[in-house]
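The values are calculated or read from the model by the stated rules, or taken from the named source; none is laboratory data. Owing to the predicted nature of the structure, the values given are computational and were not obtained by experimental measurement. Every residue, glycine among them, receives a Cβ derived from its backbone with ideal geometry; neighbour counts consider all protein chains shown. The protein model used for the area step is the full one, side chains on, heavy atoms only, and it has no ligands, DNA or RNA in it. Shrake-Rupley method; radii C 1.70, N 1.55, O 1.52, S 1.80 Å.
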Amino acid sequence: MTLTIGLLRAEPGQKTRGSLPADLGTTTVEVPLILVNGSRPGPRVVITGGVHGGEFIGVDAATRLAGLLEPDEVAGQVVICPVANPPAVYGGRLNISPLDGVNINRVFPGDKNGGPTDRMAAWLFEHLIDGADAYVDLHSGGIDQHLLDFVGYRLTSDDELGGKIKAMAHAVGYERVIFGTSPDGGNSHAAANRQGVPAILVETGQLGDRDPATVRRLLDGLYRLLHHLGVIEAPQHLAPVTVQPRDWIWTGEVESPVAGLWYPDAATGDEVAEGQTIGRIIDPVDGAEHKVAAVSTGTIIYCMNGLSVRPGTHLAAIATPHD
């Protein structure tokens, strides 16, 4: 079947590159898309990078994948959007949009009559994600964040859907597969799940990393996932999986209660206990110290590296193996 998104079309056996305008109310942005319509029937898979600014690995990997995938090697359709949130990627370079200060990964599936970021989220769902057979959203530790690689997914009350999601998460081949127990929330993959689309989050790299070896690690994971979904044959160049994926569960997030300067006492990968002090926030005016404690017991999966924080800034996320 012809793959059509807006004015972009790809016939079977064809790859099409272009961009489509997204009206955000206060401005219009161009969203880049690469459509790979395979030579054989198969699932429709959507891959997005650049939902957040300052997270470069996913943008790079999605762009490279778009160049490497050829229609005669593909069964089904692959829709690649390497820069899903242009205002944040090009203007903000952080996880909030400079247009309205909103984190798009808290408002999916968005609102086409809302503010700029809500409209961006709604555009992505309307044009790309709705009706997909699988969706993967690529993230990384931003320019101010230490992070351990992981795949994220959500539990769902639909057993069949949940089985597909978990299988996708394990197919990437990362050691840590961390699930959230609630299907709610404005994350892209959670919102997609609620609309019946199997979806996962992949986090690769940290501190704005753009190293080719890190990109290669993510590309290998994407090839494994596309093979699992029946889109491609197993590539011969694929690096072997050296660790067995293991399920983890999120146990808590630590947020900054005040504005100030952040001095962590614990690092990504550290084991912490509930109530343990993991850092201090110093008031730059009077030097007052505010101690910050772990809200749960487990391993710090990602933590804030930046110095300046404000109320609500995510300082750390904690998870523990779920056997």
Practice task
Determine whether the range 68-81 contains at least one residue that is in contact with a His (Cβ under 8 Å, 6 or more places away or on another chain) and either open to solvent by 50 Å² or more (accessible area, probe 1.4 Å) or modelled with pLDDT of 95 or more (or both).
Solution key: no
Problem - ALA121 of a type in the set (Gly, Ala, Ser), open to solvent by less than 30 Å² (accessible area, probe 1.4 Å), under 19 Å from ILE80 (Cβ atoms) and part of a helix (DSSP H, G or I) - result: yes
Problem - Members of the range 224-246 that are open to solvent by less than 20 Å² (accessible area, probe 1.4 Å) and within 19 Å of the chain's Cα centre (by Cα) - result: LEU225, LEU226
Handout entry: In the range 29-57, the residues that are out of contact with any helix residue (DSSP H, G or I) (no Cβ under 6 Å at 6 or more places or on another chain), of a type in the set (Gly, Ala, Ser) and at pLDDT 95 or above
Key = GLY42
Handout entry: strands (runs of 3 or more DSSP E) wholly inside the range 1-83 that include at least 3 residues being of a type in the set (A, V, I, L, M)
Key = 28-37, 40-48, 75-81
Handout entry: Selected residue (criterion: surrounded by the fewest Cβ atoms within 10 Å (Cβ to Cβ)) from residues of the range 135-152 that are in contact with a Lys or Arg (Cβ under 8 Å, 6 or more places away or on another chain) and at pLDDT 95 or above
Key = LEU148
Handout entry: Close pairs from the range 7-18: first without any contact (Cβ under 8 Å) to a residue 24 or more places away in the chain, partner assigned to a strand (DSSP E or B) and open to solvent by 70 Å² or more (accessible area, probe 1.4 Å), Cβ under 9 Å, at least 6 apart
Key = THR16/ARG9
Handout entry: Residue check for GLY131: closer than 25 Å to HIS227 by Cβ, open to solvent by 40 Å² or more (accessible area, probe 1.4 Å) and in a loop (DSSP other than H, G, I, E, B)
Key = yes
Practice task
Looking only at the range 166-174, decide whether some residue is touching a Pro at 6+ places or on another chain (Cβ under 7 Å) and farther than 15 Å from LEU201 by Cα.
Solution key: no
Exercise for the section: Examine the range 109-118 for a residue that is open to solvent by less than 60 Å² (accessible area, probe 1.4 Å), closer than 23 Å to THR204 by Cα and not in a strand (DSSP E or B), and state whether such a residue exists. Expected result: no
Handout entry: Candidate set from the range 304-323 (those that are modelled with pLDDT of 95 or more, under 20 Å from the mean Cα position of the chain (by Cα) and under 16 Å from LEU94 (Cβ atoms)); member that is most open to solvent (accessible area, probe 1.4 Å)
Key = MET304
Practice task
Return only the number of the condition from (1) more than 21 Å from GLY230 (Cβ to Cβ); (2) surrounded by 18 or more Cβ atoms within 10 Å (Cβ to Cβ); (3) not basic (Lys, Arg) that LEU155 does not satisfy.
Solution key: (2)
Completion exercise
By my count, strands (runs of 3 or more DSSP E) wholly in the range 212-323 with at least 2 residues that are in contact with an Asp or Glu (Cβ under 7 Å, 6 or more places away or on another chain) are 277-282, 298-304, 314-321
Problem - Complete set of residues in the range 171-217 that are open to solvent by 50 Å² or more (accessible area, probe 1.4 Å), touching a helix residue (DSSP H, G or I) at 6+ places or on another chain (Cβ under 9 Å) and under 23 Å from GLY67 (Cβ atoms) - result: ARG210, ASP211, PRO212, ARG216, ARG217
